[in-house]
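The structure appears right after this line, and notes come after that.
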Amino acid sequence: MEKLKGKTVLITGGSSGIGLASAKLFLENGARLAITGRDPDGLAQARDALGDDVLMIRSDSGNLAEIASLMQQIERHFTHLDVLFVNAGIATAAPVELVSETMFDDIMGTNLKGAFFTIQKALPLLRAGASIIVTTSIANQLGASNFSVYGASKAALRSLVQSLGLELISRGIRINAISPGPIATPIFDRFGLPPGVADGIKAEIAQKSPSKRFGQPLEIAKLALFLASDDAAYIVGEEIIVDGGMSLL
Ligand SMILES: NC(=O)c1ccc[n+]([C@@H]2O[C@H](COP(=O)([O-])OP(=O)(O)OC[C@H]3O[C@@H](n4cnc5c(N)ncnc54)[C@H](OP(=O)(O)O)[C@@H]3O)[C@@H](O)[C@H]2O)c1
């Protein structure tokens, strides 16, 4: 069944990992789709994977002028949005002493400020019945050494989803969060760690997980599809964990 038939969808950070898997699943379910990313090569690879019908927009979620331009392009192509998946995010690992102001601002700029203003600027395009989905992380409730700023950015995002859940439902707009545990995506190779160190961290995480494995991006995409669809019409301001039991430890 095409759960998103006739719906227009924007996925930020749709060129890789969770966003790309969601883009594929949303397409299979009848959505008209736009995705963003910053790296033109990543967007070109996503075009190969998704086909020419998907609107690929190079846009930095941390840049307000680019967010405004993104929404103008969406309005020109789709006139409105039914689903906004605020998924773009970065994670940089560093012990507390080594967190620079630039690193702090980059993480907060993409993960928190970018998410907030993407939602704000999209509001004029979102109709009653629309669904906003935000990707948080179980790092927002678990301590994670070397990821203090990342965890804080995602904790703020969870709070944002609760407040906006209340604020937007009177307009018929639902907002919810997906909180993934460890998912096998390229994000682990972008931590800025020396070669081999990321592999060691991945092996340690898989061993620690009650499920003894990483989740697959499709396992997050399936929840995103549910939240995007009218099946989730009465779910508001929730954060749903998909982590193979990791946060139970
Ligand atoms: N994988 C996990 O274990 C895990 C766990 C919990 C939460 N998450 C969250 O899940 C989301 C997706 O991550 P992923 O694991 O799928 O990682 P990924 O494979 O690295 O994908 C991240 C996506 O976001 C885009 N992106 C990053 N910064 C951006 C910016 N400033 N503006 C626009 N696009 C940007 C990337 O494209 P460009 O690089 O081209 O910009 C890419 O498309 C993130 O919010 C992440 O924090 C992931």
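The values are calculated or read from the model by the stated rules, or taken from the named source; none is laboratory data. This is a predicted model, so every value here is computed, not measured. We place every Cβ from the backbone using ideal geometry, glycine too, and count neighbours over all the protein chains shown. The protein model used for the area step is the full one, side chains on, heavy atoms only, and it has no ligands, DNA or RNA in it. Shrake-Rupley method; radii C 1.70, N 1.55, O 1.52, S 1.80 Å.
Points to keep in mind about this one:
- Residue in region 93-112 that is in a helix (DSSP H, G or I), more than 21 Å from Gly62 (Cα to Cα), β-branched (Val, Ile, Thr) and at pLDDT 95 or above present: yes
- Qualifying residues in region 160-190 (those that are open to solvent by 10 Å² or more (accessible area, probe 1.4 Å), within 16 Å of the ligand (Cβ to nearest atom) and assigned to a helix (DSSP H, G or I)) - the one farthest from Ser16 (Cα to Cα): Leu160
- The set of residues in region 210-240 being more than 30 Å from Gly129 (Cα to Cα) and either away from the ligand (no atom under 11 Å from the Cβ) or open to solvent by 50 Å² or more (accessible area, probe 1.4 Å) (or both) consists of Pro210, Ser211, Lys212, Arg213.
- Single residue of region 128-150 satisfying the filter (more than 16 Å from Met246 (Cβ to Cβ) and surrounded by fewer than 16 Cβ atoms within 10 Å (Cβ to Cβ)) that is nearest to the chain's Cα centre (by Cα): Gly129
- Matching residues in region 116-152 - criterion: being among the hydrophobic types (A, V, I, L, M, F, W, C), out of contact with any Ser or Thr (no Cβ under 7 Å at 6 or more places or on another chain) and either more than 15 Å from the ligand (Cβ to nearest atom) or closer than 20 Å to Pro217 by Cα (or both): Leu123, Leu125, Leu126, Ala128, Ala130, Ile132, Ile133, Val134, Ala139
- Residue ranges of helices (runs of 4 or more DSSP H) in region 1-92 with at least 2 members closer than 21 Å to Leu126 by Cβ and either among the basic types (Lys, Arg) or open to solvent by 30 Å² or more (accessible area, probe 1.4 Å) (or both): 64-78
- Which listed residue, of Ser247, Ser211, Ser153, is polar (S, T, N, Q), on the phi < 0 side of the Ramachandran plot and within 17 Å of the chain's Cα centre (by Cα): Ser153
- Identity of the residue in region 117-143, assigned to a loop (DSSP other than H, G, I, E, B) and in contact with a helix residue (DSSP H, G or I) (Cβ under 7 Å, 6 or more places away or on another chain), that ends up nearest to Leu10 (Cα to Cα): Thr136
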